[in-house]
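Accompanying notes for the structure given below.
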Amino acid sequence: MLFIDRAWLVRRGVVVATLCLALFTINFLRSPALQPASTGAGSQAIEGPLTRADSPDDRVALTFDVTWQKTELTKILDVLDAAGVKATFFVGGTFLQLYPDTVKEIARRGHEVGTLGQQIRDLAGMPENEIVANLLGSQSALTKTLGGPVRYFRPPTGQAAPEVLRAARHARLVTVTYALDSQDHLGLTADQIVRRVVRGASRGDIIRLTASDFAPETAKALPRIIEGLERRGFKVVRLSDLVPIDDG
């Protein structure tokens, strides 16, 4: 007959039970039900800006930054009219103050208007409450000018830091940057701008161009950009035609 040490059995049983309890506790705590829930605001705060969309067809969105004087902007509006193309324009606060009738004309011609903020500056690193005040001020002024809601915001530098994204969400604005930058504001020739945009475009891209007098080659390039994109099978649209707006 084997001699069994009951005390040893008890100790072993305690050890096994402890290990089993530890494993159960770890698995339980790691279960999805006990993971921290992401609130709507929190999850939106860490999402990046809108740069492109999974378009069901070959659409691309043309967007223009408007900050300084209106001569080139007027040329661009005429080119878009001639081509039957609608686009989205992001307007700076100073431009809106100086040329409110021109901003109204953009909307009157069927284009969308978003904001670059009250001041054309890098918003990253600013206190979040100051960014919110900047965006709400520009949004309010633009809404009053246009008589309708303003839904889109583009950071003037094209970079959206986390605090900028959170501030835009607080102002109920969709932060938009781009997938393709024409770099027309860097002194490129019309030929260079055309090649960069037409060759670089992909389905669903948001394309950034400039509609200000310091970029005089853009209006020259635009007819060939539109023609080249359409030749590649793309349909040029506004932002809301690329990404449906969720008013919920």
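The values are calculated or read from the model by the stated rules, or taken from the named source; none is laboratory data. Treat the numbers as computed from the prediction; the structure is a model and nothing was measured. We place every Cβ from the backbone using ideal geometry, glycine too, and count neighbours over all the protein chains shown. What goes into the accessible areas is simple: the full protein's heavy atoms, side chains included, and nothing from ligands, DNA or RNA. Shrake-Rupley method; radii C 1.70, N 1.55, O 1.52, S 1.80 Å.
Summing Lys, Arg as +1 and Asp, Glu as -1, what charge do residues with Cβ under 12 Å from the Cβ of Leu96 carry, Leu96 excluded?
+2
Quick one: Karplus J couplings for segment 152-160, per residue in order, coefficients 6.51, -1.76, 1.60, θ = phi - 60°, nearest Hz, x for Gly and Pro?
10, 9, 10, x, x, 7, x, 10, 10
Is segment 72-204 best put as rounded, prolate or oblate by its Cα gyration tensor, with a ≥ b ≥ c the root eigenvalues, rounded for a/c under 1.5, and otherwise prolate when a/b is larger than b/c, oblate when not? Mind dumping the intermediate values first?
Working: a/c = 1.97, a/b = 1.29, b/c = 1.53.
The shape class here is oblate.
Collect residues whose amide H, placed 1.01 Å from N in the peptide plane, falls under 5 Å from the amide H of Arg59; neighbours closer than 5 in sequence don't count.
Gly204, Lys235
Would you please give the FRET efficiency between Asp54 and Arg172, computed as 1/(1 + (r/R0)^6) with r the Cβ-Cβ distance and R0 = 22 Å, to the nearest 0.05?
0.40
For segment 93-248, which whole-number percentage of the solvent-accessible area (1.4 Å probe, protein heavy atoms only) is attributable to carbon and sulfur atoms?
Values: 3420 of 7300 Å².
Ligands and nucleic acids excluded, carbon and sulfur give 47 percent.
Work out, in µm²/s and without decimals, the Stokes-Einstein translational diffusion coefficient of segment 144-194 at 37 °C, 0.692 mPa s, Rh from Kirkwood over C-alpha pairs.
After rounding, the answer is 250 µm²/s.
Could you order the peptides 83-95, 51-63, 124-136 from most to least packed, using the average number of other C-beta atoms within 10 Å per residue?
Packing proxy ranking, top to bottom: 83-95, 51-63, 124-136.
Place a point 7 Å from Cα of Gln183 in the direction of its Cβ. Which residues in segment 124-159 have their backbone N less than 19 Å from it?
The answer is 157-159.
Evaluate the distance, in nm, between pseudo-label points positioned 7 Å from the Cα of Ser140 and of Gln159 along their respective Cα→Cβ axes.
In this crude label model, Ser140 to Gln159 measures out at 3.0 nm.
In nm, give the distance between the simple-model label positions of Arg109 and Arg231, each being 7 Å from the Cα along the Cα-to-Cβ direction.
The modelled label-to-label distance comes out at 2.4 nm.
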